[in-house]
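Each reported figure results from applying straightforward, stated rules to the coordinates on display, with no laboratory input. These figures come from a predicted structure and were not determined experimentally. Don't worry about glycine lacking a Cβ; one is built from the backbone with ideal geometry, like all the others, and counts go over all protein chains shown.
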């Protein structure tokens, strides 16, 4: 039986649990972006969240919700990205050991941060292997598995980013956020439409990982064909839970080219003085190209994460320097 | 006759004038920095201020204070740095034309931003030439000159950064801030000691521009010998006004090596997800090396600015990559 979908009240409860634990990240303004957008832009800076991404919200909230359900030996997940760091910190704060199973290719910068937070890391060659290994940990060693996005408590936790944004700016007309597995995005939908059903929630997806648009067209979850986008956080497919929410709430998908992602990272660096990783910059792209539906609107943009090493940032910037 | 020095109440009045105009920049935390410091660190992010640096505060406040004193044709200053941008924006917002005289070497990145804000830019080969040209503008064309730091209203405006920090965190034991011309720093002294005379205010100065330490030792304003530090904002000497305040309030100068500045920029990038220019990162260096006087203290750090182009950031990072 499928779990019931989370609701707005679930997001509000998550906000109470996260109060004083997750950072209330700043909402920044930029006249340059207002000009490019033709509207008024409010940037919710989740790159300034603990562990450098919104993921900490969902991980901590889910762990608090689940820790009393059954005894467990350690916290387990499959993630080579920001969920790994978020869950490692959540486990550390709540006094549990965490075991993070990472499928290749592993981002060494992120792996080091996970290990700094005291988590055990096991690397497996494929996602399939990683999932099997994690299942072993859950079954044989009484692990508590926290899914990166297809989990009602994770989704409710991620929704608190948008909920905070709307508390700071209650009269937004639109929210623009990246969609990968859909945890952040479906949380954004619940928060936005809980506050005001008229708010339009736009998803941003790399042209090289168009599974969300395809899933919406087909009416079921489609696996990405290739997903070799530089926005590594957006390579995953939706889950049943996130798809269920997204389908009912999403206004439109903005498709974003790789060049636009790097251009957005550059603008964030030079104009906003913020470091964004590719996934974290995707939602800036529709602003920079002046998407016509955003003109004259009050637009909230979720900058979802900033975990990128300096050499990787340089390398991406050089790689795309000819094309921008 | 010298102007009377500004006071804490002058800073508080400036805060009222700047309310809703300057951004109330966020105060961020970092467990990594707490660990390196051995204390508790609060980062006042003036790189996220309008025009990317605290300078907008003083420029706007000074212009508001002086605009009614006598009729003038345009606003004038000598600056190739962040004061130029701050004053250009302040002039634009208040409806005046601005003429910025820049001595060589000109930072093209900053010059472009100044021009984007509608200011006229004139470049002169030396600081002496630039000052003479600006004086011509003031005398012959009724210009209103706003000094980058040696001005009571500018100092009071810059003090609002520290005043906001202390409103957010009233129980700080210490403030660490960069010292160049001393506008930010003397404002920080007034704000800190207005709130609590026991707060220790530490200045940070590049080893390659040690004129502040020398000025304190000699008891008068010393011109820097060479000042070829990468922290271009800290190459200037103190003014009589900033020296007068600083001398009475400063606890100690932390001397910072060039390598430490670049290391601090890297840490800000990879750990804080913030872009800092060299001057803006100087105050992080004593935290990173664990200055013993800061151990077990609650320390406010002013990150003063983030105006650096991506190529310049790369180039500095590469230049110092062997040594860190």
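Taking the Cα centre of each part, how many Å lie between the stretch B:37-76 and the stretch A:158-192? Rounded to whole Å, the Cα centres lie 33 Å apart.
Which log10 I(q)/I(0) values does the stretch B:56-145 give at q = 0.15, 0.19, 0.20 Å⁻¹ under the Debye formula, counting every alpha carbon as one identical point scatterer? Each listed q corresponds, in turn, to -0.48, -0.78, -0.86.
Taking only C-alpha pairs under 8 Å that are 6+ residues apart, what is the relative contact order of the stretch B:205-251 in percent? Could you put the intermediate results ahead of the total?
Working: 53 pairs, mean separation 16.8, N = 47.
Computed value for the stretch B:205-251: 36 percent relative contact order.
The residues B:213, A:247, when put in order of fewest to most other Cβ atoms within 10 Å, stand as A:247, B:213.
Taking each residue of B:265-273 in turn, how many C-beta atoms of other protein chains fall within 10 Å of its C-beta, and what is the average?
Values: counts 1, 2, 0, 2, 7, 12, 4, 6, 18.
Whole-number average of other-chain Cβ neighbours for B:265-273 is 6.
Between residue A:12 and residue B:5, the modelled labels are 5.4 nm apart [label points 7 Å from Cα along Cα→Cβ].
Can you tell me how much longer the chain between residue A:68 and residue A:248 gets when fully stretched, taken as 0.36 nm per residue apart minus their C-alpha distance, in nm with one decimal?
Working it through step by step, the gained length comes to 61.6 nm.
A Gaussian network model of chain B, with springs between Cα atoms under 10 Å, assigns the largest mean-square fluctuation among B:170, B:224, B:286 to B:170.
Report relative contact order for chain A in percent, whole number only (criteria: Cα-Cα under 8 Å, sequence separation at least 6). Write down the numbers at each step before the final one.
On the way: 711 pairs, mean separation 71.9, N = 324.
It rounds to 22 percent for chain A.
Mind jotting down the distance between the C-alpha centroids of the stretch A:212-268 and the stretch A:193-210, whole Å? One Cα centre to the other: 10 Å. Helix B:183-195 and the long axis of chain B differ in direction by around 60°, with both axes built from C-alpha atoms. The modelled label-to-label distance for the pair residue A:168/residue B:240, using points 7 Å beyond Cα in the direction of Cβ, is 4.4 nm. Please build a GNM for chain B, connecting alpha carbons under 10 Å apart, and tell me which residue among B:56, B:109, B:42 fluctuates the most. Top of the fluctuation ranking is B:109. Residue separation of residue B:135 and residue B:225 scaled by 0.36 nm, minus their Cα-Cα distance, works out to 29.9 nm of gained length. Look at the alpha carbon pairs under 8 Å that are at least 6 residues apart: their mean separation over the length of the stretch B:56-145 gives a relative contact order of 33 percent. Can you give me the angle between helix B:82-94 and the longest principal axis of chain B, using Cα atoms only, in degrees from 0 to 90, rounded to the nearest 10? Computed tilt is about 50 degrees.
Report summary: the helix-based calculation at 222 nm, which adds -39500 (n - 2.57) for every DSSP H run with n ≥ 4 and divides by the residues of the protein assembly as shown, gives -13000 deg cm²/dmol.
In terms of packing, defined here as the mean over residues of other Cβ atoms within 10 angstrom, the peptides B:66-73, A:184-191, A:128-135 line up highest first as A:184-191, A:128-135, B:66-73. On the principal axes of its alpha carbon atoms, the stretch A:220-324 extends 38, 36, 23 Å, with the longest extent given first. Considering only A:173, A:34, A:225, the Gaussian network model of chain A with Cα springs below 10 Å gives its largest mean-square fluctuation to A:225. Bridge orientation summary for chain A: considering DSSP beta bridges with both residues in this region, about 10 percent are antiparallel. Inter-chain Cβ neighbour count for B:113-121, averaged per residue, equals 1 (cutoff 10 Å, partner chain atoms only).
Relative to the dominant Cα principal axis of chain B, helix B:55-66 is inclined by about 40°.
Cβ crowding within 10 Å ranks A:96, B:149 as A:96, B:149, fewest other Cβ atoms first. The per residue volume of the convex hull around the alpha-carbon atoms of chain B is 124 Å³.
Based only on other Cβ atoms within 10 Å, what is the fewest-to-most ordering of A:288, B:272?
Values: A:288 18, B:272 25.
Ranking A:288, B:272 by Cβ neighbours within 10 Å, fewest first, gives A:288, B:272.
Stretching residue B:19 away from residue B:296 to a fully extended chain increases their span by 96.4 nm, per 0.36 nm per residue minus the current alpha-carbon distance.
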